[in-house]
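The values are calculated or read from the model by the stated rules, or taken from the named source; none is laboratory data. What you see is a predicted model, and the numbers here were worked out from it, not measured in a lab. Cβ atoms come from the backbone with ideal geometry, glycine included; neighbour counts cover every protein chain shown.
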Amino acid sequence: MFDQLINRWWIIGARGVVAVAFGIAAFLAPNRTLTYLVSLFGLFALADAIFTVGAGLATNWLSLFLEGIVGGAIGLLTLFFPEAAHMWFAYFIVAWALVTGALELSGAYTLRAAAKGPLVKGEWLLATGGGISIVFGGIVAAQATTEVVTFMWTIASYALVSGALLVALAFNIRTWPRTV
């Protein structure tokens, strides 16, 4: 598992770059129409899913693969059913964040169990990302009726933080010894 993950560190890094790009776009354009925001989220969820499914398949890691499937489903629902997505936008985000967070925590546990020794450099970043996703889902659920700018800045902040954690994790994975 470790060798496959080390060889494909760039997939996790690309996932983080997509999240950071989405966060920047959401900060720069929070006043756009809801259609634009929903489409932007749908594209982000779909792009993230492609990288996550790829990483899950490449490493034979079930929780990572399932995380990608859930993100892809949310992204496709958002893009192919925009009318429903407008009504359910906050709920889509909450569901995506909670499931993604739980699966990232599961992945961190799997990684910890597979290491069978001292901590692997940077493995805590995956667990931190999972915890942040769950907290973010709770925050979005609590503020789903607030104004668009506040709502989008919350989403943008999450995307920037989780994206930065993924990029940091990718660079840490790249330096892992192959004998782990």
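Here is a yes/no grid of residues against (1) modelled with pLDDT under 80; (2) surrounded by 15 or more Cβ atoms within 10 Å (Cβ to Cβ); (3) within 20 Å of Ala55 (Cβ to Cβ); (4) among the aromatic types (Phe, Trp, Tyr):
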position: Ala113; (1), (2), (3), (4): yes, no, yes, no
position: Val120; (1), (2), (3), (4): yes, yes, yes, no
position: Val140; (1), (2), (3), (4): no, yes, no, no
position: Val161; (1), (2), (3), (4): no, yes, yes, no
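Can you tell me which residues in region 28-44 are modelled with pLDDT of 85 or more and touching a helix residue (DSSP H, G or I) at 6+ places or on another chain (Cβ under 6 Å)?
The one that is modelled with pLDDT of 85 or more and touching a helix residue (DSSP H, G or I) at 6+ places or on another chain (Cβ under 6 Å): Gly42.
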